[in-house]
Amino acid sequence: MPKTFRPPAVPLITVDPYLNIWSAANQLFDNETKHWTGKNNGMVGMAKIDGQVWRFMGGYDRRSDFETIDCPTMNQVSLQVRALSSIYTFEAAGIRLTVDFTTPLLPDDLDILARPASYVTLSAQSIDGKPHQVELYYDVSGELCVDYPLQEVIPSRQTLDNGAVALKMGTTTQDILRRSGDDIRIDWGYVYLTASTAHPVTTLISDSGARARFVNNGALDRTDDSNFPRAILDGMPILATLTDLGTVGSEARSTYIIVAYDDILSIEYFGTRLPGYWRRTLPTAESLLLAAHRDHADLMARSAAFNERLEADALASGGRKYADMLALAYRQSVAAHKIVADENGDILFLSKENLSNGCINTVDVSYPSIPLYLLYNPELVKGLMRGIFRYAASDAWPYDFAPHDIGRYPLANGQVYGMAMHRQMPIEECGNMLLMAATLAKAEGNADFAAQNWELLSKWCGYLRENGMDPGNQLCTDDFGGHLAHNANLSIKAIVAIAAYGLLCGMRGDEGAKEAHLAEAAKMAQEWEKMAREGDHYRLAFDSEGSWSLKYNLVWDTMLGLNVFPPEIRKREVAYYIRQRNRYGTPLDNRKTYTKSDWLLWSAAMAESQEDFAALIEPLWLFQHETGSRVPTTDWYYTIDGRMTGFVNRSVVGGLFIKVLADKWANAGGAV
């Protein structure tokens, strides 16, 4: 099996669902850089070495309306994807160039995590013992601030208080928070490009032809293009910088670029338009850029330290291949959210259900993602839950069970895709909210947050006690499989959630209620075992002979110390999953050959040995390494041929961190 991991796509600029750019090519110069939706969000990088121009990023796309940049490419010699950084190394003409894309999504510093600014640090050094004259070109296209290419943009420039020039571009219409949906990009606010002042910098506002003119002339155009406003299709407007590193010897010389986005207002939350969380401390785009310049060295050091921490956690829990997958998953999961603050100043960590249906704050997207956030900052789990509690407590929500979502990104004004009962996921979402509350309580060592929402949690537990043992015909989170009655895995969720509610009762000092709920759940688990048993494994549905499925919801029974299900069930299931493996993993159930990566990891985390854990997760690593579906990691794919089924760039890959979380809790010792 290959040792060097080849991600299906590489995260470059990953801030939130709108400022979110990837490379879907083996080499950074093999294709245009892309927004996660697959639309071009072009960035081009070139190095001028001793008068010769070399391309190291972007500038090539057979499907593009714009010409390919005709110059030689540097030799890409390595790529390393870490939690917060994607680091490329190139060589040409006696120079080694390191290009480090780092977004400091530091989980323990929400003010920094919420900043819509990302760094590209470029470092050049001589590798042939000779001095070389080096200049570095970097640009971003107007595609970053439009949804479709007919939209017109207008650029500008300003000089910041630290002397740096900031280039700016946005649409002429500025329809802030006007639209919601899935496969769309932001078309309000402004993209910014600014470079370090440590070396001489030239800036340019122009069309994409300036790239070819730089190749031919070795310099940027003397004057800016004044033909604005103009549509993206009209020559492709760009913002460009050229940094002169001077004479480069064996000691590296470095510079950095900041790509930032001021969306002005980020989320509409039950009728109130909210700015990004970062504006609490940085009220303007200018102050954001100045802070990003000021903090560059510190944030790069802190990001490197977090990269080391996460890698050490992953290696200890699952080895090299597990560490590869977690490094790729981290930025994808975090940047599928936007952080804002509600009227009380409490954070809202609002996900976008990317390339799924575009819903905002979807409960059964939050639920699989929580291992990452429980591990590194449980406050973010509260941010996932607050909007759901608020909506469920309002007169707008008519049901006794938990809602699926609170709108369609970026408009969080209430469920819009259909209020009919057949569209809902009653047991799924009640179980998810109860389990999220219980896991949060375990992570924090108290049930204070649950107590603030006790009436709703109690009502949802009551719903599960009445309806959860043998679910009726309804959807679960795996809704692509269609409605299913008597769903055995959904029944597990209800049973474990009832026990988890008992756990919360105990943490609030009500031991009687705790024991009563644990006893009820244990009795239900005994009944479940009789209803679901199918020889050496357990059924997909109670009434479906010869069926099977991944019972991923069972993982919390041990992680929360509930133990209402006999351990033999987990042993039988894990052994059966291993026997059902295909090249790229174990299918979700017997109906299709596709699987879900988050549920595969949760199922693997139930294994009692590292060997069994590795047997279940290594096919997922191989899928990511070999798949021809070159997109930000899908969580839903076929296990035989490695094709993507659907879903791109979703936050649920935070669920891959469950083994690290399980080990942390186990090492801490004891149940709640």
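The values are calculated or read from the model by the stated rules, or taken from the named source; none is laboratory data. All values reported here derive from a predicted model rather than from experimental measurement. Counting neighbours? That spans all protein chains shown, and the Cβs are built from the backbone with ideal geometry, glycine included.
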**Message:** Yes or no: region 531-546 includes at least one residue that is assigned to a helix (DSSP H, G or I) and either hydrophobic (A, V, I, L, M, F, W, C) or within 20 Å of TYR577 (Cβ to Cβ) (or both).
**Reply:** yes
**Item:** Residues located in region 627-669, provided they are within 17 Å of the chain's Cα centre (by Cα) and either outside the structural domain of SER366 (by TED's automatic domain parsing) or of a type in the set (S, T, N, Q) (or both)
**Value:** THR633, THR634, ASN649, SER651
**Prompt:** Has region 345-353 got any residue that is charged (D, E, K, R) and in contact with a Cys (Cβ under 7 Å, 6 or more places away or on another chain)?
**Reply:** yes
**Asked** Identify, please: which residue in region 54-73 is assigned to a loop (DSSP other than H, G, I, E, B) and charged (D, E, K, R) and is, among those, modelled with the highest pLDDT?
**Response** ASP70
**Asked** Among the listed residues GLY383, GLY387, GLY407, GLY445, which satisfies the condition of being crowded, with 19+ Cβ neighbours inside 10 Å, on the phi > 0 side of the Ramachandran plot and assigned by TED's automatic domain parsing to the domain that holds LEU560?
**Response** GLY407
**Request:** Please go through region 252-273 and pick out each residue that is farther than 23 Å from GLY45 by Cα, surrounded by 23 or more Cβ atoms within 10 Å (Cβ to Cβ) and among the hydrophobic types (A, V, I, L, M, F, W, C).
**Result:** ILE267
**Asked** Given TYR463, TYR417, which one is modelled with pLDDT under 95 and not charged (D, E, K, R)?
**Response** TYR417
**Output for region 125-142, where each listed residue is out of contact with any helix residue (DSSP H, G or I) (no Cβ under 8 Å at 6 or more places or on another chain) and either of a type in the set (Phe, Trp, Tyr) or not assigned by TED's automatic domain parsing to the domain that holds ASN40 (or both)** = TYR138
**Message:** Among the residues in region 202-213, are any touching a strand residue (DSSP E or B) at 6+ places or on another chain (Cβ under 7 Å) and within 30 Å of ARG650 (Cα to Cα)?
**Reply:** no
**Message:** Can you list residue pairs whose Cβ atoms sit under 6 Å apart, with the first residue in region 232-253 being farther than 30 Å from VAL153 by Cα and the second being outside any strand (DSSP E or B)? Count only pairs 6 or more apart in sequence or on different chains.
**Reply:** LEU245/HIS199; THR247/PRO131; GLY249/PRO131
**Message:** Of the residues ALA323, ALA329, only one is crowded, with 24+ Cβ neighbours inside 10 Å and assigned by TED's automatic domain parsing to the domain that holds LEU434; which?
**Reply:** ALA329
**Request:** Quick one: which residue in TRP548, TRP556, TRP528 is closer than 30 Å to LEU616 by Cβ, aromatic (Phe, Trp, Tyr) and in contact with a His (Cβ under 9 Å, 6 or more places away or on another chain)?
**Result:** TRP548
**Item:** Scope region 204-219; condition in contact (Cβ under 8 Å) with a residue 40 or more places away in the chain and either part of a loop (DSSP other than H, G, I, E, B) or more than 23 Å from GLY51 (Cα to Cα) (or both); matching residues
**Value:** SER208, GLY218
**Item:** Any chance LEU456 is within 20 Å of ILE360 (Cβ to Cβ), in the same structural domain as CYS476 (by TED's automatic domain parsing), at pLDDT 95 or above and touching a strand residue (DSSP E or B) at 6+ places or on another chain (Cβ under 7 Å)
**Value:** no
**Item:** Cβ pairs under 6 Å, 6+ apart, first in region 33-46 and within 17 Å of ALA212 (Cβ to Cβ), second among the charged types (D, E, K, R) and assigned to a strand (DSSP E or B)
**Value:** VAL44/ASP139; MET46/ARG55
**Fill in**
Every listed condition ((1) closer than 26 Å to THR14 by Cβ; (2) surrounded by fewer than 22 Cβ atoms within 10 Å (Cβ to Cβ)) holds for THR172 save (1)
**Request:** Select, from GLY502, GLY546, GLY561, the only residue that is surrounded by fewer than 20 Cβ atoms within 10 Å (Cβ to Cβ) and more than 28 Å from ARG591 (Cβ to Cβ).
**Result:** GLY561
**Prompt:** Looking at LEU122, LEU105, which one is assigned to a strand (DSSP E or B) and either out of contact with any His (no Cβ under 9 Å at 6 or more places or on another chain) or outside the structural domain of SER254 (by TED's automatic domain parsing) (or both)?
**Reply:** LEU122
**Message:** Just to check your reading of the model, which residue among ASP244, ASP298 is surrounded by fewer than 21 Cβ atoms within 10 Å (Cβ to Cβ), among the acidic types (Asp, Glu), within 22 Å of THR14 (Cβ to Cβ) and not assigned by TED's automatic domain parsing to the domain that holds ASP346?
**Reply:** ASP298
**Prompt:** If you scan region 109-157, which residues turn out to be surrounded by fewer than 23 Cβ atoms within 10 Å (Cβ to Cβ) and among the acidic types (Asp, Glu)?
**Reply:** ASP109, ASP111, ASP128, ASP147, GLU152
